[in-house]
Amino acid sequence: MLRTFLIILTLLLGSTSAMAASLFNTEVVLDDTDTATEQAAKEAAFVDVLVRTSGQSTVGENPVVQKALPTVDQYITQLGYGGNDGQRTLQLGFDDGKIRTLLTQAQATYWGSPRPEVLFWLVADDANSRNVVWEQSGSPLINELKAEGERRGLPVLMPVGDFDDVIAVSIPDLWGGFAEPIAKASARYNPVGVAVVKVHNNRISWQLFPNAADMGNATPIEGRAAGAPEAAFASMVDEISDFYASRLAVNLGVADSASQALKVSGLDDAEDFFVVERTLKGLNSVAALRLESIDNGTATFRISLLASEDVFHNEMMTDRRLRRVEVLPEPMVAPAPAPTAPVMTESVDGVMSPVEAPMVVEPAAPVDTSIRYEWIG
């Protein structure tokens, strides 16, 4: 079934055009012009983009991401101001390459584009009747649902509510979650997935058919959420987005090509080692740390940095128990040629004469570029 799902996904997804760019752009409300408020807005926008691009609703809790928040400015490529419903907003664009690097350092996932389009059949139940919320109805529920889809980078489709829709499926079909008529009515929109959402007072219940082409043979995913539509829709869209991301996002890890070797000498016992390890993990500039070896009181780590090496050294120097060891380059000395016996060659007239033998030069030893510190306790 998964193979079928992936084939259908490949065939049905549209162009990447605006979606690819929108993954890295966002707009947040500014409550006032205070500097601290703007910094908080930038950090909130940063987390929104990381959630959208990783496909993980909880990526903001990742320790590496938490460390990166105060340095959000280095990830911003565009900054402007706008307005929305009378509120001043901050419009931000983020560097896609740096975002991917951060997600790699955080060992998170990356969910690129194109994304699966999901058709939402929305049925509102009030005290008197049940009604389908059509695209052209002008209901505020549509804007709230689409806003949540945009927040997560999930393309939201809504049925237009024309004659074909009205005769294709009935409200009892939708309320009862009957797959066959819903599948037939949904086919014209060519979605990857189909969701049926029932709204009643301050709670919703929903079913997701993740593979629209196989609705009749698969058990739908079900969920519930309580609260005002905005909060309830946010919970539902998070669950649906997390579901698709868990199957489509790429697992990332710390890239060795971007890491460096760090050697800490002077470790007398295990306690020294664990203190050093905890110290390094606690630095804001360190994204990831991996022990490679311990030999004769020297621990060799592989580190990946969130900031520059200078920032890392500045943080290390605040701990008086550590001392940086400067590694001076060794002077270049040409090796003396090894004594060799002269090579005799014969000239055209048959006379043997000596010629100088070629000099054999040993290859230079590799340069140690590791960062070095000494633990002085």
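Open to solvent by 60 Å² or more (accessible area, probe 1.4 Å), polar (S, T, N, Q), touching a Lys or Arg at 6+ places or on another chain (Cβ under 9 Å) and under 22 Å from L103 (Cβ atoms): is that true of N251 in this structure?
Working: open to solvent by 60 Å² or more (accessible area, probe 1.4 Å): yes; polar (S, T, N, Q): yes; touching a Lys or Arg at 6+ places or on another chain (Cβ under 9 Å): no; under 22 Å from L103 (Cβ atoms): yes.
No.
For R302, indicate whether it is within 30 Å of D73 (Cα to Cα), within 31 Å of the chain's Cα centre (by Cα), open to solvent by 50 Å² or more (accessible area, probe 1.4 Å) and modelled with pLDDT of 85 or more. Here the answer is yes, as R302 does meet what is asked.
When you go through I182, I204, I167, I142 one by one, which is the residue that is in contact (Cβ under 8 Å) with a residue 40 or more places away in the chain, β-branched (V, I, T) and at negative phi?
Details: I204 fails: in contact (Cβ under 8 Å) with a residue 40 or more places away in the chain; I167 fails: in contact (Cβ under 8 Å) with a residue 40 or more places away in the chain; I142 fails: in contact (Cβ under 8 Å) with a residue 40 or more places away in the chain.
Checking each option against the conditions leaves just I182.
For the range 117-133, name all the residues that are over 15 Å from P229 (Cβ atoms) and open to solvent by less than 50 Å² (accessible area, probe 1.4 Å).
Here is the first cut: in the range 117-133, the ones over 15 Å from P229 (Cβ atoms) are 117-119, 121, 127-130, 132.
Result: V118, L119, W121, S129, V132.
Scanning the range 84-94 turns up no residue that is of a type in the set (S, T, N, Q), touching a residue at least 24 places away in the same chain (Cβ under 8 Å), in a loop (DSSP other than H, G, I, E, B) and open to solvent by 20 Å² or more (accessible area, probe 1.4 Å). Remark: pairs (first residue in the range 35-56, touching a residue at least 60 places away in the same chain (Cβ under 8 Å); second residue among the basic types (K, R) and surrounded by fewer than 21 Cβ atoms within 10 Å (Cβ to Cβ); Cβ separation under 6 Å; 6+ apart in sequence or on different chains) are absent. Number of residues in the range 34-66 that are within 29 Å of L248 (Cβ to Cβ) and open to solvent by 40 Å² or more (accessible area, probe 1.4 Å) equals 9.
Which residues, taken from the range 151-171, are out of contact with any strand residue (DSSP E or B) (no Cβ under 8 Å at 6 or more places or on another chain) and either under 22 Å from A245 (Cβ atoms) or of a type in the set (S, T, Y) (or both)? Correct list: R151, R152, G153, S170.
With the condition kept exactly as written, say whether any residue in the range 149-160 is over 25 Å from N84 (Cβ atoms) and either of a type in the set (S, T, N, Q) or not in a strand (DSSP E or B) (or both). Yes; the residues of the range 149-160 include at least one that is over 25 Å from N84 (Cβ atoms) and either of a type in the set (S, T, N, Q) or not in a strand (DSSP E or B) (or both).
The values are calculated or read from the model by the stated rules, or taken from the named source; none is laboratory data. Everything quoted here is computed from the prediction, not taken from an experiment. Note: ideal-geometry Cβ built from the backbone for every residue, glycine included; neighbour counts use all protein chains shown. Surface areas here come from the heavy atoms of the whole protein model, side chains and all, with no ligands, DNA or RNA. Shrake-Rupley method; radii C 1.70, N 1.55, O 1.52, S 1.80 Å.
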